[in-house]
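Below is one structure, written out as structure tokens; the observations come after it.
The values are calculated or read from the model by the stated rules, or taken from the named source; none is laboratory data. All of these numbers come straight from a predicted model, not from anything done at the bench. Cβ sites come from the backbone with ideal geometry, for glycine too, and all protein chains shown count toward neighbours. Keep in mind that these areas ignore ligands, DNA and RNA; they rest on the heavy atoms of the full protein, side chains included. Shrake-Rupley method; radii C 1.70, N 1.55, O 1.52, S 1.80 Å.
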Amino acid sequence: QVQLVESGGALVQTGGSLRLSCAVSRSRFNAYTWGWYRQAPDPGKRRELVATITWRGTTNYADSVQGRFTISRVNVNNTVSLQMTGLKPEDTAVYYCNQHPPVPNWGQGTQVTVSS
């Protein structure tokens, strides 16, 4: 069973930076593609895939964060990180990590709030 614990969220001003971390408990962590997702406060919005990183380290980003966010992984200690710079109010959301495609048991997420 996969366990996911996200941390690092905070309240920041527009243009600020944050680094999110995800501690993953699962076997063969390094065999999977991992991603960061976010759920905006608008109830009409679906959870959005923000970035992914393969076992080789190949990364992909949503257009909305390309050039501002960087996903990384450390296979030795089963962590996935998301470095966020140039934050905008529309980045406000609860951020989650999960495999890609995701497994059903999500973590509690970490809140990122960007004030204008």
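Here are the numbers for this structure:
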read-out	value
First in region 6-28 and in contact (Cβ under 8 Å) with a residue 60 or more places away in the chain, second anywhere and in a strand (DSSP E or B) and basic (Lys, Arg), Cβ under 8 Å, 6 or more apart	Gly8/Arg19
Number of positions in region 92-116 that are under 12 Å from the mean Cα position of the chain (by Cα), under 18 Å from Phe69 (Cβ atoms), in a strand (DSSP E or B) and not hydroxyl-bearing (Ser, Thr, Tyr)	6
Qualifying strands (runs of 3 or more DSSP E) (wholly inside region 1-56; at least 2 residues being open to solvent by less than 60 Å² (accessible area, probe 1.4 Å))	3-7, 18-25, 34-39, 48-53
Positions within region 60-74 being closer than 18 Å to Tyr32 by Cα, open to solvent by less than 50 Å² (accessible area, probe 1.4 Å) and hydrophobic (A, V, I, L, M, F, W, C), in sequence order	Ile71
Region 54-67 residues that are touching a residue at least 40 places away in the same chain (Cβ under 8 Å) and farther than 15 Å from Cys97 by Cα, paired with ones that are of a type in the set (Phe, Trp, Tyr) and open to solvent by 100 Å² or more (accessible area, probe 1.4 Å) (beta carbon under 6 Å, 6 or more apart)	none
Check on Thr59, touching a Pro at 6+ places or on another chain (Cβ under 9 Å), of a type in the set (Val, Ile, Thr) and at pLDDT 95 or above	no
